[in-house]
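This report concerns only the one structure given below.
The values are calculated or read from the model by the stated rules, or taken from the named source; none is laboratory data. Computed from a predicted model, the values in this text were never measured in an experiment. Ideal geometry is used to build each Cβ from the backbone, glycine not excepted, and the neighbour counts take in all protein chains shown.
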Amino acid sequence: MKVLVVEDNTLNAKFADAVLRRLGHQVDFAHNGKVGVEKFLNNDYDLILMDIQMPVMNGLEAASKIREYEEQMGVKNRIPIIAITAFAMEHDRDNCIAAGMDEYMTKPYRPADLEKMIDKVMSKYR
């Protein structure tokens, strides 16, 4: 798969890159939500991993904009988005889902946890 990782923290981005490449995926990066939305609009991705707290545009805003675009364009197969965040409260998960994300993971995560989450989300789209 081609995965867009929207993450402003370099170490977190490198970790995601290593995990995703080990799983055989191609990886592209955006350092904030605004760049993430632009990359989504100009490229074909199979999955987005979206950090929540970022400068310029946070992950909640970015996911909402992606979902608005998909709705306006009549996209039938929307892109799966997994929230990746340090926020671990129940209302944080609810906010992510309300913004249009499909699933939610807290940082730090283990590689096996990310792999399971990707499998879970992608099984909904197959």
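For the condition out of contact with any strand residue (DSSP E or B) (no Cβ under 8 Å at 6 or more places or on another chain) and at positive phi, what is the one hit in Gly24, Gly100? Reasoning before the result, please.
Numbers: Gly100 fails: out of contact with any strand residue (DSSP E or B) (no Cβ under 8 Å at 6 or more places or on another chain).
Testing whether each residue is out of contact with any strand residue (DSSP E or B) (no Cβ under 8 Å at 6 or more places or on another chain) and at positive phi leaves just Gly24.
Would you pick out the residues in segment 11-55 that are part of a loop (DSSP other than H, G, I, E, B) and of a type in the set (Val, Ile, Thr)? Show your work before the answer.
First, the residues of segment 11-55 that are part of a loop (DSSP other than H, G, I, E, B): 23-25, 31-32, 43-46, 52-55.
Of everything in segment 11-55, just one residue is part of a loop (DSSP other than H, G, I, E, B) and of a type in the set (Val, Ile, Thr), namely Ile52.
Quick one: is Leu60 of a type in the set (A, V, I, L, M) and either under 22 Å from Asn9 (Cα atoms) or touching a strand residue (DSSP E or B) at 6+ places or on another chain (Cβ under 6 Å) (or both)?
Details: of a type in the set (A, V, I, L, M): yes; either under 22 Å from Asn9 (Cα atoms) or touching a strand residue (DSSP E or B) at 6+ places or on another chain (Cβ under 6 Å) (or both): yes.
Here the answer is yes, as Leu60 does meet what is asked.
What tally of residues in segment 70-126 results from selecting those that are part of a helix (DSSP H, G or I), crowded, with 16+ Cβ neighbours inside 10 Å and not hydrophobic (A, V, I, L, M, F, W, C)?
Number satisfying all stated conditions: 4.
Restricting to segment 53-66, name every residue that is in contact with a helix residue (DSSP H, G or I) (Cβ under 7 Å, 6 or more places away or on another chain) and surrounded by fewer than 24 Cβ atoms within 10 Å (Cβ to Cβ).
Step one: of segment 53-66, the residues in contact with a helix residue (DSSP H, G or I) (Cβ under 7 Å, 6 or more places away or on another chain) are 54, 56-62, 65-66.
Within segment 53-66, Met54, Val56, Met57, Asn58, Leu60, Glu61, Lys65 qualify.
As an exercise: evaluate Ala30 against (1) modelled with pLDDT of 95 or more; (2) surrounded by fewer than 18 Cβ atoms within 10 Å (Cβ to Cβ) and give the number of the one condition it does not meet.
(2) is the only condition that Ala30 fails.
So which pairs qualify, if the first residue must be in segment 14-25 and more than 11 Å from Ile118 (Cβ to Cβ), the second must be hydroxyl-bearing (Ser, Thr, Tyr) and surrounded by fewer than 18 Cβ atoms within 10 Å (Cβ to Cβ), the Cβ gap must be under 7 Å, and the two must be at least 6 apart or on different chains?
none
Do we find that Gly59 is within 12 Å of the chain's Cα centre (by Cα) and over 19 Å from Met122 (Cβ atoms) in this structure? Let's see the steps before the verdict.
On the way: within 12 Å of the chain's Cα centre (by Cα): yes; over 19 Å from Met122 (Cβ atoms): yes.
Taking the combined requirement at face value, the residue satisfies it.
Does at least one position in segment 96-105 carry a residue that is out of contact with any Pro (no Cβ under 9 Å at 6 or more places or on another chain), closer than 19 Å to Lys2 by Cβ and of a type in the set (Phe, Trp, Tyr)?
No, there is no match, as no residue in segment 96-105 is out of contact with any Pro (no Cβ under 9 Å at 6 or more places or on another chain), closer than 19 Å to Lys2 by Cβ and of a type in the set (Phe, Trp, Tyr).
Kindly indicate the residue of segment 88-113 that is more than 15 Å from the chain's Cα centre (by Cα) and of a type in the set (A, V, I, L, M, F, W, C) and also farthest from Ala13 (Cα to Cα) among those meeting that condition.
Here the answer is Met89.
Going by the structure shown, is Met50 under 21 Å from Tyr125 (Cα atoms), buried (at least 21 other Cβ atoms within 10 Å of the Cβ) and within 11 Å of the chain's Cα centre (by Cα)?
Against the criterion (under 21 Å from Tyr125 (Cα atoms), buried (at least 21 other Cβ atoms within 10 Å of the Cβ) and within 11 Å of the chain's Cα centre (by Cα)), Met50 qualifies.
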